[in-house]
Structures are given as C-alpha cells and as structure tokens.
1. Residues being under 30 Å from residue 175 (Cα atoms) and modelled with pLDDT of 85 or more: count how many of those fall in the stretch 102-145.
2. Only one residue in 296, 306 is farther than 24 Å from residue 402 by Cα and either in the same structural domain as residue 454 (by TED's automatic domain parsing) or surrounded by fewer than 20 Cβ atoms within 10 Å (Cβ to Cβ) (or both), so which one is that?
3. Where in the stretch 363-444 are there helices (runs of 4 or more DSSP H), lying fully within it, with 2 or more residues that are at pLDDT 90 or above, more than 21 Å from the chain's Cα centre (by Cα) and surrounded by 21 or more Cβ atoms within 10 Å (Cβ to Cβ)?
4. Any residue in the stretch 356-370 that is in the same structural domain as residue 323 (by TED's automatic domain parsing) and closer than 16 Å to residue 343 by Cα sitting within a Cβ distance under 6 Å of a residue that is at pLDDT 85 or above and exposed (fewer than 11 other Cβ atoms within 10 Å of the Cβ)? List the pairs, counting only those 6 or more apart or interchain.
5. Quick one: would you say residue 212 is closer than 21 Å to residue 129 by Cα and in contact with a strand residue (DSSP E or B) (Cβ under 8 Å, 6 or more places away or on another chain)?
6. Only one of 269, 253 is crowded, with 16+ Cβ neighbours inside 10 Å and either assigned by TED's automatic domain parsing to the domain that holds residue 87 or assigned to a strand (DSSP E or B) (or both); which?
7. Please state which of the following conditions residue 142 fails to meet, knowing it meets all the rest: (1) in contact with a strand residue (DSSP E or B) (Cβ under 6 Å, 6 or more places away or on another chain); (2) part of a loop (DSSP other than H, G, I, E, B).
8. With (1) surrounded by fewer than 14 Cβ atoms within 10 Å (Cβ to Cβ); (2) closer than 30 Å to residue 175 by Cα as the list, and residue 355 as the residue in question, which single condition is left unmet?
C-alpha cells in the first residue's frame, strides 16, 4: 500500500516546467587563506637563554560558497555554506643559562649559582567553530546578511557624458546581457573560539612552578564574554565563554559574464611577508538553469541519504558514541548528548563518503568530537508539535537560488510525510529512541520525496533513463523496517 501511495505522489507532482526556465544559476566560492608564523626570539648576550619548541603559528582557511540565481536581471542569493578552519599553536620553553640564588646577606664564599636557571613555558592551542546558518536562524532568530551584485564595468556614455544604465533584455536568459561586470560579494558567519592557553614559570631557587591556564568555550550569540577564575597558591585557572560573533568575508573582482555559460578563477589580493602569507581567491561559474539535471542530482542525493539511514554500521557507531558521551555527561553533571544529532552526523558522513569517494577531511563531520556533531542540518523540518517549519522561508530561499519547483515539491512531500508520521499511527514510533525504527521512518519519507521528483523528471525529460533510480527505490523499500 505504501509503495503504491508514493508512486501516486510522483504522478501527482507539481506542474510542468515551461520550456526554458529563463534563469541563470551561479556558484561563487570565496577562499581566504592565511598563514602567520613567528620567528624564535634572538638570544641576548647579556642575559643568555635557550629557547626551544615551536613558535606561535596560525593557519586559517575561510571558505564561503554562495549559490545565486539571476532572473529578470535580478540577482538573489540562495544557499550559503561557510567552512572556517583556524588552528593556532605555540609551544615554547625558555631556560635561563644560570640563576643566582645567593641570598643578599650571604658572603661571596657561599655563592649559589644554578645551571640551568629559571625556565618559562608557554603553550596554546586554539581553534574556531562556525555555527551553521540554519542553526543561527532556527535557534537564535538571527539573520545573516549575504549579498551578490554585478555592476557594469564598460557602459556607453550619453551625450551629456553620463554612463548609460544597461537595460534588461527579455530575450536573454536571466535578463542580464553578456558583458564585463564587477562582482561584489559580502557574506557573514557566526564564529566562536574553543581551546586553551597555558603558561608556567619555574623558580629553581624555590623549586616552585606557577601555572596559569585559560580555557575557551563557545556560547550563544548575544551572551557576554565572561570568565570564571579559580586559584590556589601556585595555579590560576580561567574558564572563558566566548559568544558567537558575526565574521564577514567580502571580495570584489571583474568577470566576462555570458548567460550561456562562463566561469573562471582569480586572486583578488595577496600579501606575502616574512611572517605573513595571506591570499583571497575566488572561483565562479554561471550557466542556464537546467531543471532536469538538478532533479537528477537531487534524486541521486536523496537515494544515498535513504540508504544511509538504513545503514546498520552508522546506527551502531551512533549508539556507541552516544553511550560514551552519556557516561561522560553523567560523570561531569553536564547536559546529556543528543542521540539523533549524533546519528545524523554518521549518516551525513556516510553520504559524504559515497558522494565524494573518500572520507571527509580532518575536522569535518568528526562525529566522535562533540564540538562537530550536528551534521549538515535541515532548511525545513518538523518541530515537536508536528508542525512543518519554516515553510515560507524555505520556499523563499529555494526561489532565490533558482531551485526548480519540482524539487521544492519533493522536499515538501518528504517533510509532510514526517508530519503524518508524527500525528498519526506512527507518532509513537516517530518519537522513539530506536535508531533502526527512526532510520526506517526517514527512509520512508525520502522515498515519498524521491517518487515525487521522479515523476517530474520523467515528464520533463522523457528520454532520461531512470531505471537505476527505480531499482534503488525498490531495494530501499524492501530493506526498511515496516512500521
């Protein structure tokens, strides 16, 4: 019965696309890379010391990927992905060649010189964490600003000497004609820090080592930067909570734009000095919107997710990781972990490995690290009251990124299946903590959305071979637990 219903959903998919979408889709990737390193301090002949270890160094890579839509000469920004890695490290130890421990009242016959002398040690290891845009919007009602504009570089002049404004051309895809333009991009992300810094100072005369430790923890945007200090005789420990703050990335460069398709790359600016090496680079591509290709890619993507939710290995890893974090939370009397966020992270990793053909890079989808758990997130979801949110905002973002209406219909059909699972006979199963059951419900919802999009793909592209999709759908349907 279920299989018949989802196939019917595909046949009742949204209206047929008009011939030629009249849209141009684009992707812009801004990347800022910086490497900063210090040189070991010079040795002083008057107060000889020996310094060993690694001097301070910082490596940062900030990448913003923006999907844009050009329609009727207007440029809108749809999906935005921000990846920000920052690694700051230092481990230095400085030892005095000698220290005179002779008390002032002692005679020169009782000189107490220690070799080596006093030493000082400094270590720090700081990283950053970027909040997902959907979390900023969903949890904290924060709107991050993203803007892309194309301005004419070469325009004819009027008899009065003014530059003419380029008129929209209805016959041109997207309404924006071929020409040289200056692209201006600005985007924001919420960023916070975590990690720690430590310093030690050892007095060889007393044998005492003084320790100073600072730990950084991310906290919600809008909170204040606060610190809690604990001390004993020879140690100080400071816990500092660092609120998420908006971190911008901007760039401007010229392109030869062609609505029939264009792309390229460029270095916007570069700084190279002895200790600093920073580069802001960009890649871009524009092409006419092809709803058939995007439907096929989305179907492929959702099929892999449905398979990921049924993967026994992902479920088992999620259970073990949850139990490990739960024990730690109970021991430290801290907030309990979220089982479904951990599970989602492992499913996201499953999909990444099958889409890319290799594991995610270090620091990305690290499901064993509580700082990284949460996965790629959803733009639209079903809340605890079985209500689909935020549908209007999702539809606007989809329109702004030229997402075909057939894909939007498939996503809505998927989420409405979750609404039904939440409200109807599956409500108990929907709220269960059994990952096998929950994974089966997710796979079922994916099948509904896929069937919806598959019906649209067949109608729009009658010559498109969908056999492999249908075979995978049958396999998924047989494999999923029947509620």
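The values are calculated or read from the model by the stated rules, or taken from the named source; none is laboratory data. Not measured: the values here are computed from a predicted model. Heads up, the Cβs are rebuilt from the backbone with ideal geometry, glycines too, and the neighbour counts pull from every protein chain shown.
1. Number of matching residues: 2.
2. 306
3. Hits in the stretch 363-444: 405-423.
4. Here the result reads none, with nothing in the stretch 356-370 linked to a residue that is at pLDDT 85 or above and exposed (fewer than 11 other Cβ atoms within 10 Å of the Cβ).
5. no
6. Result: 253 is the single residue among 269, 253 that is crowded, with 16+ Cβ neighbours inside 10 Å and either assigned by TED's automatic domain parsing to the domain that holds residue 87 or assigned to a strand (DSSP E or B) (or both).
7. (1)
8. Evaluating residue 355 over (1) surrounded by fewer than 14 Cβ atoms within 10 Å (Cβ to Cβ); (2) closer than 30 Å to residue 175 by Cα leaves (2) as the failure.
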